[in-house]
1. Look at segment 215-263 and say how many of its residues are more than 19 Å from P183 (Cα to Cα), part of a loop (DSSP other than H, G, I, E, B) and at pLDDT 85 or above.
2. Quick check on N324: is it over 14 Å from G271 (Cα atoms) and touching a strand residue (DSSP E or B) at 6+ places or on another chain (Cβ under 6 Å)?
3. Within segment 114-124, does at least one residue satisfy the condition of being buried (at least 22 other Cβ atoms within 10 Å of the Cβ), of a type outside the set (A, V, I, L, M, F, W, C), within 24 Å of E373 (Cα to Cα) and in contact with a Pro (Cβ under 9 Å, 6 or more places away or on another chain)?
4. Does A312 fit the bill of being within 30 Å of A263 (Cβ to Cβ), in contact (Cβ under 8 Å) with a residue 24 or more places away in the chain, part of a helix (DSSP H, G or I) and touching a helix residue (DSSP H, G or I) at 6+ places or on another chain (Cβ under 9 Å)?
5. Could you give me the residue pairs with C-beta distances under 7 Å whose first residue belongs to segment 277-293 and is assigned to a helix (DSSP H, G or I), whose second residue is of a type in the set (F, W, Y) and modelled with pLDDT of 95 or more wherever it lies, and which are 6+ apart or on separate chains?
6. When you check K97 against the structure, is it surrounded by fewer than 19 Cβ atoms within 10 Å (Cβ to Cβ) and either in contact with a Gly (Cβ under 9 Å, 6 or more places away or on another chain) or not in a loop (DSSP other than H, G, I, E, B) (or both), yes or no?
7. Name the single residue, out of those in segment 1-39 being over 30 Å from A106 (Cβ atoms) and in contact with a strand residue (DSSP E or B) (Cβ under 7 Å, 6 or more places away or on another chain), that is surrounded by the fewest Cβ atoms within 10 Å (Cβ to Cβ).
8. Anything in segment 54-75 that is surrounded by 12 or more Cβ atoms within 10 Å (Cβ to Cβ) and either modelled with pLDDT of 90 or more or acidic (D, E) (or both)? List them, or say none.
Amino acid sequence: MTGPKLWANSGDSHLMEPPDLFQKRLPEHIAERMPRSVKDPDGQWETVYVDGQEFRRRMPKMPTDNLGNIDRSKLRNLDGTIGDRAPGANDPHLRLKDLDQEGVWAEATYPSIGVWSYSIRTPEVVAAGARAINDWAAEFQDVSPRFVVTAMIPLLDVGDAVAEVRRASRELKMKATFLPIAPPFGRPPFAHEEWDPLWEAMEEEGMVLGFHVGTEPHTPDQRTGVYNTGRGGAIQNYVETSYGAQKIAVSLISAGVFDRYPALKMLVSEGGATWGPFMADRMDEAYRQHSAAVRPKLSKLPSEYLHTNVYASFQHDRSAVLANTAMGWQNVVWGSDYPHTEGTFGHTQKTLHELFDDIDPAASRRIRVGAFEELFPHVPPAPADEPA
């Protein structure tokens, strides 16, 4: 691409945990119950073992060139990352080189195999696993203030959840948490008052509440997330993952979470952002037109909480830019999804120019840099865009 080098912060990236993370950091009887991935010899299926459960899923086909040879430049790893083309996926020092090359300054990062921890059914095991992942992620974060790692929070016991929020904040200096879009099986929905001590702790610690789409817990007899196998299924599955972002935002706003904890900020990653203004209108209409049935009553209209407390990341969506510039939602955050194959690694500058070249410079900077800096003011300011 010609033109200046555009800098951006990413509200959606991922860390790749070492395969021996739990074996090195946990007692054997707990480590063996933590998530691990085993690929079939033919490479077509993967088994994820979690707490005595086995989850089977089909793997993507190996990419080939026009002669039928494996195209290693497009090779996808078990963890969903680009193979040889993303050397910084597991190394914080190489990762900084990748970020500099792409024009990504700082990034909020979510776990990978750790996401499966929310299918663990034993409170002691999930709490120990969260501590192990968070200790490792904090060490990764210590390499550079440009890394904003999210703390995994054990959710089978609210007391354990609150304790890990406080430990992650005070001892590990983490600034954000990661929760799945839906709570583990057997636990109440996040709108339930049982979770109020968790939101209170996050607000008191100044921790951003991070959600990532596609992380709903499931059982071995269920497909991973939405899974439509008929005609158009691939597109339908991808679209439907975004519904989780909309549902969790509406749920917490409607339940009065941000009314009770007004300093709590929430980031919903990889679910797009165009839905924000639409959901704001629908919530306000419901609040007015069905006021007799609304519980609890809020201090402000639901849309106002969306505009003050909820942030959402997008990747390629042109319409998400317009959610800011045409519909006034200032909390739109760009994200690279590094190092996943559907992310922008290798063509980030092309993507940024396509999204922002004809956008007002102030709005462009707000989406690429400013909203992220508002969530994470401790991160060093991003560089100015560089001339061509």
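1. Here the count works out to 5.
2. Here the answer is yes, as N324 does meet what is asked.
3. Looking for residues that are buried (at least 22 other Cβ atoms within 10 Å of the Cβ), of a type outside the set (A, V, I, L, M, F, W, C), within 24 Å of E373 (Cα to Cα) and in contact with a Pro (Cβ under 9 Å, 6 or more places away or on another chain), one finds none in segment 114-124, hence no.
4. No: the conditions fail for A312.
5. Cβ pairs passing all conditions: P277/W329.
6. Yes: the conditions hold for K97.
7. Top of the filtered list is V38.
8. D71
The values are calculated or read from the model by the stated rules, or taken from the named source; none is laboratory data. Note that this is a predicted model, so its numbers are computed, not measured. Here the Cβ is made from the backbone with ideal geometry for all residues, glycine too, and neighbour counts use every protein chain on show.
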